[in-house]
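For reference, the structure discussed in these notes is given below.
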Amino acid sequence: MNLIDNSTLTHSHSEIEDDGEVFACPNCGSGGTVLFHEVHNVPTNSCILFETRAEAINCSRGAIALRFCEECGFIYNASFRQDLTEYSGRYEETQGFSPTFSRFHRNLAAEMVERHDLKEREVMEIGCGKGEFLVLLSQLGENRGIGVDPSALPERLEGVEGAERVTLIPEYFEPRHCDEQPDFLCCKMTLEHIPETANFIETIRAGLDPDKKTVVFFQVPEADRIIRHCAFEDIYHEHCSYFTSASLQYLFEQSGFEVTRTAVEYDDQYLTIEAVPASEPLLPNPRDGNSDLAELVASFPARLEEHKLHWRHVVEQAKAKGQTVVLWGSGSKAVSFLTSLGIAGMVDFVTDINPNRHNHFMPGTGHLIVSPDQLAEIEPGLVIVMNRIYEDEITASLEQIGVECVVECL
């Protein structure tokens, strides 16, 4: 999510047109950007918990206008509106209720502790959410952690092992939070919510002493997969910045970091980067590795329409058979699915294993979010899984509940 108050940033890397659309690349400052995908009237907050259907249907709306930078390969939503997004205590983004994700999260924390010798160290997370990763770092290495996030809920950590060494600060990130130099600074699934990417990374770099050699770890959605596979469910208003390995590495190098490692993980969904403050300025080549992506961007509109047609057909066939249709997963992917295909009226319910989401309503469409246990009574004929990495987990849950149905995965 967005963890920096953008009112403190200048637009030195971005030219803003009269209609509010950002024309120049926020990553490298180039004016050579190409518009290739537009969606209008989309919810601007896809993880907000709405108490009533009317409130959910009447949520704030914005637009998506994806531009591709021909210089550095960065993709961004030129129509992103920061003033229409909300990051507060009712922003429910945690994936920690999934056993699949929890295993990945714990393994990632263990990997960081081992590779960077994080034992009794000072660690910080920008965009810590509800603090789960910081707690893991505390548990596995007895580290002391500080998490900064306006949606943080410190009370969620009461009584959790290792939480006594973790402090959550429900604020937007500012350079002053780095006054005490951390040994390890991480920022997971947050940079994609930041519109002024270069300013953000430069702000972080300015707060770090190069002699300290703080290890910096970032994790973002991997954009090559999104564009290559037309994963429209991963394109929504809050995600204003989309990175490939090349554009992410360029951003860090031109911002004063020495990149030590990049990787693609979690079924090719997550891109990670590790870096340390560079002793000397680096001059990266912004055009490295962009030719294949440029071809995918050029063919994206036509391929996307075919992909969306397929999913409309899947839902229409189920309804023609008189089946009840349920989406499994009520987060951002489901919001995009419901608002992108024009078939929201054919989907009956949305379910989620996160109990904090139950009995709330989906942004934009007002679908009720039900507990998986309620599916026994609902008797769906088709369950569409919003993320295929959870297919085995969800199939096992359906069997345990006693539901027999067709399962399709995005």
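Every number in this text was worked out from the coordinates using simple rules, so none of it is lab data. Note that the structure is a prediction, hence the values are computed from the model and not measured. Cβ: placed from backbone, ideal geometry, glycine included. Neighbour counts: every protein chain shown.
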Between (i) 81, 49, 36; (ii) 95, 54, 37; (iii) 65, 51, 34, which entry matches Cα extents along the principal axes in Å as derived from the coordinates of this structure? (iii)
The distance between the Cα centres of the stretch 221-285 and the stretch 344-410, in whole Å, is 31
Ratio for the stretch 191-234, C-alpha Rg to 2.2 N^0.38 Å, reads 1.56
Please report the net charge: other residues with Cβ closer than 13 Å to the Cβ of residue 163, K and R +1, D and E -1. -2
Run lengths n ≥ 4 of DSSP H only: what is the helix-derived mean residue ellipticity at 222 nm for the chain, with -39500 (n - 2.57) per run over all residues, to the nearest 500? -8500 deg cm²/dmol
Ordering of 111-124, 295-308, 130-143 by burial proxy (mean other Cβ atoms within 10 Å per residue, highest first): 130-143, 111-124, 295-308
Highest mean first, what order results for 98-106, 155-163 on Cβ atoms within 10 Å? 98-106, 155-163
Cysteines in the chain lacking a second Cys C-beta under 4.7 Å: 47, 59, 128, 178, 186, 187, 230, 240, 405, 409
Positive-end residue of 290, 259, 203, charge dipole of the chain with Cβ unit charges: 290
Between the alpha carbon centres of the stretch 18-74 and the stretch 131-190 the gap in Å comes to 29
For the stretch 183-189, what does the Karplus curve 6.51 cos²θ - 1.76 cosθ + 1.60, with θ = phi - 60°, yield as ³J(HN,Hα) per residue in whole Hz, taken in order and with x for Gly and Pro? 7, 9, 10, 10, 8, 10, 6
Around residue 322, with a cut-off of 15 angstrom between Cβ atoms, what is the net charge of the other residues, counting Lys and Arg +1 and Asp and Glu -1? -1
Bridge orientation stat for the stretch 316-409 from DSSP, antiparallel percent rounded to 5, came to 5
Check: the chain dipole with +1 on Lys, Arg Cβ and -1 on Asp, Glu Cβ, in debye: 540
Compare the Cα positions of 375, 362, 324 along the charge dipole of the stretch 316-409 (+1 at Cβ of Lys, Arg; -1 at Cβ of Asp, Glu; about the Cα centre) and return the one farthest towards the positive end. 362
Taking Lys and Arg as +1 and Asp and Glu as -1, residues besides residue 399 with C-beta under 13 Å from its C-beta add up to -4
The alpha-carbon pair-distance distribution computed for the stretch 36-93, with 5 angstrom bins and whole-percent values, is 4, 17, 22, 21, 16, 11, 6, 3, 1, 0
Grab the Cα-Cα distance for residue 158 and residue 299, subtract it from 0.36 nm times how many residues apart they are, and report the gain in nm with one decimal. 45.8 nm
Percent antiparallel among DSSP beta bridges (both partners in the chain, rounded to 5): 50
How high is the relative contact order of the stretch 316-409, in percent, with contacts defined as C-alpha pairs under 8 Å that are six or more residues apart? 30
Percent of C-alpha pairs per 10 Å bin, the stretch 316-409, short to long: 17, 56, 27, 1
